[in-house]
Every structure is written in structure tokens, then in C-alpha cells.
Amino acid sequence: KSCQTGRISTREAAVQSQTSRDAGVQTDQGKDAVRGFQQEAQIDHAGLLSFLQSVEDVVIKELNKNWTSRAFDGFDVNWTDQNETVLCLHTLSYPAAQDQRLQVTSVSWNATGSVVACSYGRLNDGDWSTEKSYVCSWNLDRRGLDPQRPDLVVDVPSSVMCLAFHPSQPSLIAGGLFSGELVVWDTSRTEDPLIWRTGMTDYTHTDPVYQVNWVPDAKHRNHFQLLSVSTDGKILVWREERGGQLALAEGFALVAQQIPRSTQLKKLAWGEAAVGVTSLSFSHFDPRVFVVGVEGGYALKCSAAAETLALHRRGSSVPLRAPVELAFSPHGGPVYSVSCSPFHRQVNLFLSCGTDGQVHLSSLLQTQPLASLQLSKKYLFCVRWSPVRPLVFAAASGEGNCKMCFCLIGDVHLFDFEKSSQKPAVSIKQAVDECPVYCLEFNTKQTQLLAAGDAAGTVKVWQLSSDFTEQGPREMNHLEQLASQVTD
């Protein structure tokens, strides 16, 4: 049978070289050597058996000895590649917000860990109560991600001070406004995302809302309510109602006169004045216990089960209760952030930071901190405990002066007690223009990711090295040693 192609014609052509000669190789290989290499190796089976029998007892003894050894207790083989550095994966921003010189006041990850959102507003001096601001979100898993074009932009008539995605519904996000109002958006509704709001009534906050949390509804399983804190001294819990309204379900008020006194705590002005709340964190082991940070420089242990009514707190549709049970040793200025540890049930450790540049590691069982760490010469705006490493936390700071906005230069500090008890393992420069970092959040689903927002209006998503995401074999023991410093 013939092939498909036509007959190939060939012809000879002269090469360029005019002369040629043979050259020898470096070594000559004889035929005997090739023949010997190809022959199968000869094994003395009888001698091998005799050797194995002679060492059998010794090998078995050593294997039994290794079997009872505790040298590798807690060792976990890591088959993944080890990252040696902390990398910036994304630098996200919204140009319209940056044109207004708005700052990133809060960041939050959604329930899937793939979407990050930020709020824009102002935390420095000025009258911005009527200035328009924004909430923006980016899906980091989306193809063709444009870091300067958010997937969703929500226009907000008042500065947004804080954000929190719903724990299980990825499209719901709550925000607290400078006006004192609380709102909830559904990011799946691009035309009109606003679904619930408190409105401006006599029962809402009278000062800016600085933190909002989704908390389980004790009466309805798998339902959540919203909790908000403000510098008006109130902690309010809201429930959904028909017509897109959030109604007040219960509340607490912090009055200086009802905070437990201590001979070691002298700075607080004991009276009937409201104590402004700036931050809050719930215990991971008792949903009734939470810690708040206040403007007076204190972290306070509180109980949601408190029954004592707050003094002289009128203007509420529900009775406001006094929740404070214990006041901890104060910082040198207002406490901006608190974070309860998800590890160590017995002692319930927590972190607090503020304007004195210190992080206090404290236990809910005593007033004095277990450790005081001077991470910055200026302000610390946020502190968060790692969700996967018991000895790791992150803090956002402001250092020096920024030429653009005359504020503080900021870093993201990653602290690892396993490496040092006094200084950060890594300090990352967040912004080229060196503006302060106001907020940060670990991603609980994709634990190698950390988002941080700054005064320049940018959100940076950092990929943490494996050193910060993989728990060591004796890490919980180390944490227990820190917790054992609790005094009677």
C-alpha cells in the first residue's frame, strides 16, 4: 500500500567545512570492561543469612527501645512546602475613597474565607459626621481580580467605623456608623444591599459605634443577633424585625460607680459618668463572659448573665444592666482593642492594647497582667490572637509621622512567644507612604492569610509563612506555662 505523501526526493549538498579529521575520546573502554559490567552481581546468600542471624537480637533490642521512647511525642510530619517569608498577595483599594482621603477603619473575612471587605471612614481629628463613605468587598478567588475595582461598593451617608461578616451566611455583613446607627447589608443584592437598620431613635447609640459582633441567639437555635458597642457607654443587642428594622433585644451600660474598686486601680473617676467602650471580645469557652476595652485605659471582665440594673440609664426600650465583674490593671491610655485566646480553657487568656504602645497578656482570673510587651513607642490600634497558633498574635501600630496625613507611621507586628517573649518575630511595613495600620484580621478558613487596613485607604492581604500557621509539638505546653503564672 502507498503512503499519503508523495515520493520524497533527496540530493547531496556540500558542507561549509573544507577539511575534516578524527579525534579520540578522553578514555578508551575495552571490550572486557563492558562485558564485566553487564554481568549480574554474585550474591553469597549463605553468608548474608549468617550475618542477619548474628545481628537479629541486637536489632530487635534497639527497635523495642525506640518503641518506648518519648523523644518524638507530638511530632507531626509536614509534607507541605515550607514558606520562608511573609508575602504581600494583594494591595486592594477604592480610588474614590482615596481621593477623599478616607481611611480603612475595619476589615472582615466572610464565612468562606474567600471574600474580604473593608469600611472607609476617619479615625483622626475632624468633623466627618456628614461625609459620605463606603463599604467595599473583593472576592480573592475570582478570575481577573482588579485590586482597584471592588466587586461591591456600598455608598454610606455616614462614616463606617466597624464591620463584621455573618459567621455562617457569606453574603451578610453588619456595620456600625459614626452616627450611632447599626446597618446590615446583603452583598448578593448589588442594586439595593441594605436589608436591616436600627434607624436614628432615642434607643440607638448617641456616640459612634466602634465594634459590631454577631452573637448566638439563646432563644432560637442557629439564629444570630447583633451586638454593638459605643463610647456612649452602652453595649446593645439587636434582633431582626419585619420591615427591615433592627429592634433592641437587651442591653448593658457601663457606669463608673458600678465598676468594682481595687486598691491597685486608682485612675478611674469613680462616679455616675458613663464609661466609653471602644472594643469587645467574647470568651471562646463561656459565651456569657466577655472582655471590653474602655477609654479610661482599662480592660473589664463582664458577664452577659448580670442582673443588676445600671444606674441612671434612661432612654432605652429595655432595662440596661451593669455587666462588669472585674477591672484589670490599666494601660497608660485608652484601650483600643481586646482579643480572647481560642486556646487554654482553664485560664481564659486575653490580649489588650492601646495608646501606650503595650500589649498586655492577661488571665480572666487575676487583675495583674501575666506579661506586658512594649511593641511600639506610639499607638497600637488593633491586636488579634492567631486562630491556629496558640503562641502567635498580630498587632497593628502607628509609629512616627506620615507626610501625607500628618499622622502615625504603621507596621504589622507578628509576635511568636515560642521565639521571643519580648520582641516581634516579624515587623512588616504596611504602606509605602508609611501611614498607620488601623485594623487587621486573620482568615479563619485560609489560615495563611492576614488582612490589614491603613490610613492611606489600602487593604493589604499578607500570606504568612508556615512558621506562623503550623502549631509546634510542645506549643500548648508553652502556653500552659505562661498561664501557670496566675497567682492566687
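The values are calculated or read from the model by the stated rules, or taken from the named source; none is laboratory data. Worth saying up front: this structure is predicted, and the values here are computed from it rather than measured. All Cβ positions, glycine included, derive from the backbone under ideal geometry; neighbour counts span all protein chains shown. The accessibility values were calculated without ligands, DNA or RNA, using every heavy atom of the protein model including side chains. Shrake-Rupley method; radii C 1.70, N 1.55, O 1.52, S 1.80 Å.
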Report summary line: A371 and E12 label points (each 7 Å along its Cα→Cβ direction) are spaced in nm at 8.6
Query raised in the report: Per residue, how many Å² of accessible area does the range 87-485 show with a 1.4 Å probe?
Result: 42
Query raised in the report: So what is the relative contact order for the range 87-485, in percent, with contacts set as C-alpha pairs under 8 Å and at least six apart?
Result: 13
Requested in this report: Could you please report the charge total around L89, scoring K, R as +1 and D, E as -1 over all other residues with beta-carbon less than 13 angstrom from its beta-carbon?
Outcome: 0
**Report entry** Surface/4 of the Cα convex hull for the range 98-249, nm²
**Finding:** 9.4
Query - Calculated diffusion of the range 87-485, Stokes-Einstein form, Kirkwood radius summed over Cα pairs, 20 °C and 1.002 mPa s, µm²/s - result: 101
Query - Out-of-range pairs (alpha-carbon distance over 19 Å; input K234/K378; K423/K460; K377/K429; K429/K460) - result: K234/K378; K423/K460
**Report entry** Test item: Cα-centred dipole of the range 207-264, Lys/Arg +1 and Asp/Glu -1 on Cβ, debye
**Finding:** 180
